[in-house]
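This report concerns only the one structure given below.
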Amino acid sequence: MNENQSKLMRDCLIEKICDEMSKNKKIFFLSADFGALALDRLRTKFKDRFINVGIAEQNLINISTGLAMEGFIVFAYGISAFISMRCYEQLRINLSLFSQFRNINVNLIGVGSGLSYDISGPSHHCLEDISIIRTLPNFILFSPSDYILTEKFTKFAISVKKPKYMRLDGKPLPQIYNSIRSINLENGFYELIEGEKVCMVSTGFMTHKALKVANKLKNKISVGVIDVFLLKPINEDLLLDSLKKYRYIITIEEAFINKGGLDSIISNLLVSKAHNIRLQRIGFNDTHIFTVGNREYLHRLHGLDEENIIAVIEENS
């Protein structure tokens, strides 16, 4: 893990998309009146292929679908909570249903997953997106933990002609992956640390926390860390090969638990493959968060802080 440099995933992704737009005239970029420092270059350089639809996520999906059905590659950009939920009917009808019969390459860039917009309150928190996007047939769901993975996904997004949802953290995060040449995105996960009996399975921002926990425990307990960045589709057989050597698995996610998120992915996998591995779920329970505070404070209140995760591991090891 490289702690020296933190970057915004969205800026790195937009820079890569801008580079690709220079080479591919079929790429359009649409925004729901949502800006970024890196976006200034793109909208200036490609005025004919940048569209700001305004604060109108439903129309964002409508226009994106129309362009995609004419053979264009579309990146649609907005805040996670709104681009995944405000226009859910359009995602279901325009993208999920139509893509069963047509090639529709629409890439939703949702910025602000989990508690990225911590102090903005529950209207801007996005704890449901994993669950609801996973229910949509034909969708690909990408949840990167750093900007290196995010950049690598750009070419995949352009070449794979399916609707995709990218859930990006809204805050600058340090680099985790030093080299990604050997990582196959379609595998969907990477074992960052190989442990002995205990393994933390995480996604997105929580992978950073899992790595810190594993580092703090390394002289007492050898804890594995698996970063799941492709939440749909899942390479179940390959993931099971990495999980089955452990006796105890803890899923850690900045999302609601027991509602179809990462914990459900792992639980369903273990049940369907008849593996009796103990499973502990760490995430948010069935309640919205109205308490005002930054991310770490909210994590402490709800048991997602490093100290609580360490206590859970020590109690069950």
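Where a number appears in this text, it was derived from the coordinates with a stated rule and is not lab data. For clarity, every value in this text was computed on a predicted model and none was experimentally measured. Cβ placement follows ideal geometry from the backbone for every residue including glycine, while neighbour counts extend to all protein chains displayed.
Which of the pairs Lys164/Lys259; Lys45/Lys212; Lys23/Lys162 have their Cα atoms more than 29 Å apart in this structure?
Working: Lys164/Lys259 21 Å; Lys45/Lys212 41 Å; Lys23/Lys162 21 Å.
Flagged as over cut-off: Lys45/Lys212.
Using helices alone, what [θ] at 222 nm do you get for the chain, with -39,500 (n - 2.57) per DSSP H run of 4 or more residues, divided over all residues and rounded to the nearest 500? Mind dumping the intermediate values first?
Numbers: 11 runs with 110 residues, N = 317.
Value at 222 nm, helices only, nearest 500: -10000 deg cm²/dmol.
Rounding to the nearest 10 and keeping the result within 0 to 90°, find how far the Cα-based axis of helix 147-159 lies from the longest principal axis of the chain.
Approximately 50 degrees, to the nearest 10.
P(r) tail for the range 185-316, what percent of Cα pairs lie past 21 Å?
Value for the range 185-316: 36 percent of Cα pairs lie more than 21 Å apart.
About the Cα centre of the chain, what is the dipole size in debye to 20, counting +1 per Lys and Arg Cβ and -1 per Asp and Glu Cβ, all else neutral?
Values: 39 positive and 35 negative charges, 164 e Å.
The dipole magnitude comes to about 780 debye.
For helix 262-272, what angle does its Cα long axis make with the longest principal axis of the chain, in degrees from 0 to 90 and rounded to 10?
That works out to roughly 70 degrees.
To the nearest 20 debye, what charge dipole does the range 101-238 have about its Cα centre, counting +1 at the Cβ of each Lys and Arg and -1 at the Cβ of each Asp and Glu?
The calculation lands at about 160 debye.
For the residues His302, His125, His275, what sequence is obtained by ranking on other C-beta atoms within 10 Å, fewest first? Please report the intermediate quantities before stating the final value.
Values: His302 18, His125 23, His275 14.
So the ranking, lowest neighbour count to highest, is His275, His302, His125.
Looking at the range 185-316, what % of its DSSP beta bridges pair antiparallel, to the nearest 5?
Values: 4 of 20 bridges.
Once the DSSP bridges in the range 185-316 are tallied, antiparallel ones form about 20 percent.
Taking Cα pairs under 8 Å and at least six residues apart, what relative contact order does the range 185-316 come out at, in percent? Don't jump to the answer; show the numbers that get you there.
Values: 204 pairs, mean separation 33.7, N = 132.
Taking the mean separation of contacting Cα pairs over the length of the range 185-316, I get 26 percent.
Relative to the longest principal Cα axis of the chain, at what angle does helix 9-23 sit, 0 to 90 degrees, rounded to 10?
Roughly 40 degrees, rounded to the nearest 10.
Which peptide among 264-270, 220-226, 102-108, 287-293 comes first, and what is the full order, when sorted by highest mean count of other Cβ atoms within 10 Å? Present the calculation step by step, with values, prior to reporting the outcome.
Working: 264-270: 18.3, 220-226: 20.6, 102-108: 22.3, 287-293: 11.6.
My ranking of the peptides, most packed first, is 102-108, 220-226, 264-270, 287-293.
So how do Asp11, Asp146 line up by other beta-carbon neighbours within 10 Å, fewest first?
Working: Asp11 16, Asp146 26.
Going from sparsest to densest Cβ surroundings: Asp11, Asp146.
Exposure proxy check: Ser64, Ser143 ranked by fewest other beta carbons within 10 Å?
Values: Ser64 27, Ser143 32.
Exposure proxy ranking, most exposed first: Ser64, Ser143.
List the aspartates and glutamates whose Cα sits under 15 Å from the Cα of Lys16, skipping any in the same chain fewer than 8 residues away.
Once the sequence-local aspartates and glutamates are set aside, what remains near Lys16 is Asp40, Asp146, Glu151.
Considering Cα pairs under 8 angstrom that are at least six residues apart, work out the relative contact order of the chain and quote it in whole percent. Don't jump to the answer; show the numbers that get you there.
On the way: 634 pairs, mean separation 53.4, N = 317.
Normalised by residue count, the contact order of the chain is 17 percent.
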